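Everything on this sheet refers to the single structure shown next.
The values are calculated or read from the model by the stated rules, or taken from the named source; none is laboratory data. Everything numeric here is computed off the predicted structure, so don't read it as measured data. As a convention, Cβ positions derive from the backbone with ideal geometry for all residues, glycine included, and neighbour counts pool all protein chains shown.
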Amino acid sequence: MLSSEPSTVVLEGTLIQTSSPSPTSSRCPRTLADVREEVAQSLALRMITKAHTVDGVRIGVHFTFSKKDDSHFLQLVTSHIRIRLPSSRYLFAIATTGASPSSHSTRSNTRTSNALVICGSDEDDVQRAVLLASSKFLGRVDAVQNTGTLLAASVRHIGSSSYDEAALWDVLSKSVRTPIDPLLPPPGSRSIDQLLSDARSKLERMTPQEAYDALHDPTYPMPVFLVDIRPASQRAREGGIHGSLIIERNVLEWRFDPRCEARLAIADRYDLKIIVYCQEGYTSSLAAVSLHELGLLNATDIVGGYAAWRAAGLPGQIRPPSTVGDEESYQLSQPSFVSDDVIDGI
């Protein structure tokens, strides 16, 4: 039995009272518009309760399944957000994902566009978000309606990858941040010394001698590769280690990601021991951690880089990798596997 008493919702310290249907109105059949209204209210409440706070501003991103007349439905959601946050500063992005019901009738249309709405209480926040979003979805926006505090757009394939949600969170976060002194570091930023320290905390770094021993140990439990990431000009000026793989820093991840079509033939497993070196052991630490993020958790670098290798008096040539036959030794003992100097074409 339906209660005639009104229900109360507590939302972050604010009491929101919703009236219950009267016995007379409860007997009226519910229409599709009634259902859409209830869903819109529910979605608005969910977004508000799950919102993050950045510099005192509530922000949130939400994806919902595509429905008929997506743009109208999302604007209905924003109207309920506006009603429930009359005096709060907020910025929300809502988008539909999946094939729109209306697109099923047009089988020849291969470009699936979905609705994106960005709404906020402050026009400046929304307009900053519009500018940032336009750079995030280049070439994918089919239509835009900008009314100041609300942007309604049609974006191709939005929500089809994790990029889209991450991009929208980035847009909202940057749009509401309080302007800061340009001479002070922004909150959450790290200096290069901190980046380097954090990177090295994830590595089991090797001395030049340890690296040399691992490269020449036939019982080592996994394939070991020595990788020179220095630019050509530095290799020509300082020299190098024959037998190492020459893969410059700008294409390193593409060459070693087992999931990438541009990978080296040897990069077909995740347990490789990749020992990266640069000239002095700084850039190599950051590069090795980047390989960790690809899943190559045995990647590391040489403390002191090539300069330390040379200072230790170690040979300027190493044995070929254990995965290569004796007949290929000479080829690999020369500076080989030189990668492209540019990203284009990988």
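Here's a check for you: in segment 132-150, which residue that is among the charged types (D, E, K, R) and either surrounded by fewer than 14 Cβ atoms within 10 Å (Cβ to Cβ) or not in a loop (DSSP other than H, G, I, E, B) (or both) is modelled with the highest pLDDT?
136
May I ask you to list pairs of residues, at least six apart or on different chains, whose Cβ atoms are under 7 Å apart, with the first in segment 253-274 being assigned by TED's automatic domain parsing to the domain that holds residue 300 and the second being polar (S, T, N, Q) and in a helix (DSSP H, G or I)?
Every condition considered, the pairs that remain are 253/290.
Conditions first: (1) within 23 Å of residue 198 (Cβ to Cβ); (2) crowded, with 20+ Cβ neighbours inside 10 Å. Residue 228 passes all but one, so which condition is the exception?
Only one criterion is unmet by residue 228, namely (1).
Could you look through segment 175-222, keep only residues that are more than 26 Å from the chain's Cα centre (by Cα) and crowded, with 16+ Cβ neighbours inside 10 Å, and pick out the one that is nearest to residue 289 (Cα to Cα)?
Result: 205.
Taking only segment 177-232 into account, find how many residues are at pLDDT below 95 and touching a helix residue (DSSP H, G or I) at 6+ places or on another chain (Cβ under 8 Å).
Result for segment 177-232: 1.
Just to be sure I understand, how many residues within segment 126-164 are touching a residue at least 24 places away in the same chain (Cβ under 8 Å) and of a type in the set (Ser, Thr, Tyr)?
Matching residues across segment 126-164 total 3.
Among (1) over 21 Å from the mean Cα position of the chain (by Cα); (2) farther than 17 Å from residue 40 by Cβ; (3) among the aliphatic types (A, V, I, L, M); (4) at pLDDT 95 or above, there is one condition residue 129 misses while meeting the rest; what is its number?
All conditions pass for residue 129, except number (1).
If you go through segment 47-62 one residue at a time, how many are closer than 14 Å to residue 119 by Cα and either in a strand (DSSP E or B) or of a type in the set (Asp, Glu) (or both)?
The total comes to 6.
Test of understanding: among 153, 129, which residue is surrounded by 15 or more Cβ atoms within 10 Å (Cβ to Cβ) and either outside any helix (DSSP H, G or I) or β-branched (Val, Ile, Thr) (or both)?
153
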